[in-house]
1. Starting with the highest mean, order 43-52, 188-197 by the number of other Cβ atoms within 10 Å, averaged over the residues of each peptide.
2. What is the angle, in °, between the Cα long axis of helix 16-29 and the longest principal axis of the Cα atoms in the chain? Nearest 10 is fine, range 0 to 90.
3. Using the Cα centre of segment 14-54 as the reference point, and only Cβ charges (+1 on K/R, -1 on D/E), how large is the resulting charge dipole? Debye, rounded to the nearest 20.
4. Collect residues whose amide H, placed 1.01 Å from N in the peptide plane, falls under 5 Å from the amide H of Val223; neighbours closer than 5 in sequence don't count.
5. In degrees from 0 to 90, rounded to the nearest 10, what is the angle of the helix 88-116 Cα long axis to the longest principal axis of the chain?
6. Most mobile of Thr15, Thr225, Thr352 per a Gaussian network model of the chain (Cα springs, under 10 Å)?
7. Quick one: dipole size for segment 5-188, taken about the Cα centre, charges +1 on Lys/Arg Cβ and -1 on Asp/Glu Cβ, in debye to the nearest 20.
8. Considering only the other residues whose Cβ falls under 13 Å of the Cβ of Gly30, what net charge follows from Lys and Arg at +1 and Asp and Glu at -1?
Amino acid sequence: MQIKQEFKDLIPPLTKEEFKQLENNCMSEGIREKILTWNGFIIDGHNRFEIANRWDLEYETESKYFKDEDDVKLWMIENQFGRRNLNKYQRTVLALEYKKVYSAIANKKEYERKTTMPKSAKSNKEPISTRKEIAKKADTSSGTVSQVEFIQEKAPEEVKAKLRTGEVSINAAYKEIKKEEKKAEYKEKVLQERVETKVSDNIKNGDSLKILETLEDGCIDVVLTDPPYGISYVSNRSIFDDAITKRGLLNDGEEEAFKLLDKTCEILQRKTANNAHLYFFCSWSVFSNFEKIISKYFTIKTPIVWDKGNKGSGDLDNDWGNQTEIILYCVKGKKLVNTRRGNLISVARLHTSKMVHPTQKPIELLKEILKVSVTDDDFIVDPFMGSGSTIKAANELKYKSLGIELDNEMFNIANNFING
């Protein structure tokens, strides 16, 4: 006896549990059903044959007569429909195989009619061609047949295995494959539309407005930045006069900070790709101003909340302790996210002893954000680099980036921090 893979593939495989149950039955009761063959090939009993050989069990065989392989295949499929408790996916796969074989037979008959029969004669075998006919055979809907056809063509074997066991539904598998296909199409489109720009160094000391203008229009895929808030930030939390948080920030007066943000967004609107993500750190006290300015150029989607883990200083007698900061997530076009996560990110704030800039953000926080938005070869820009944390995070993730810092002293500090 021989095994013909083409025949074996027609039979829906047993799950591990089903095979184990069959094996136990054969071990305790013997192999009671005959193994059926045609021209020396097994057409029914592949699993029993495997178990018999494994445990040296006796079995009987019976040879069946069929005109050709196509008739064998039709019989095997009909036999599976009648003998197995198949789920919807397995029945539909069998019905699609039935269509393939039956249509091949009909096509052969039609060829014979055209070449050997009188013109008036007609084949009595018509191909099964519609999803409605297949659905009737599988006892399901034509919509399910359409989904299974798509799954059979696109799905990896591990997904098909889950469908056979019922671990995943046809609809869920179909939607997931379509989703992945959509992502692949989007990535291909991004590659085709990508605008490359030359950047000699990924950190630059100078006016961000002027440096941004030197970039090619449409070249930026992700912006992650912490612009001046317009609140002249100086913390009184530390008792030490030389604490990093007691240093005033350059250009952090309210009026000029908002003007700078507006002009930066106007330039970024031109320099970002057709589909881009932008993240702006923002204090709750200037949220309305930031929202008004940024929304002129980009669509504000979701405020992300950074939970710093402990509350900051402020009005100790008449206010809640603030331990969060807002990050405005904005989009231009429809750049897909890599993963959909909640908009609360819990990363402990940096201790002042580890900071090189008064408003420095933790590297892990920035990585969490970048991982949601950045795909291979994306270009990330931070127009207000400060400590350089965004660029350091991008470097560690091996992303292409550019950071810009106006203050010369801060630039040198950031350079040491990034490359240290």
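No lab work stands behind these numbers, since they all come straight from the coordinates. All figures in this text were calculated on a predicted structure; none of them were measured in a lab. Note that each Cβ is placed from the backbone with ideal geometry, even for glycine, and that neighbours are counted across all protein chains shown.
1. On the way: 43-52: 19.4, 188-197: 12.6.
Per-residue Cβ counts within 10 Å, averaged per peptide and sorted highest first, yield 43-52, 188-197.
2. 30
3. On the way: 6 positive and 7 negative charges, 20 e Å.
Roughly 100 debye for segment 14-54.
4. His277, Leu278, Tyr279, Val381
5. Value to nearest ten degrees: 60.
6. Result for the chain, Cα springs under 10 Å: Thr15 fluctuates most.
7. Details: 37 positive and 34 negative charges, 209 e Å.
Charge dipole, segment 5-188, about its Cα centre: 1000 debye, nearest 20.
8. -3
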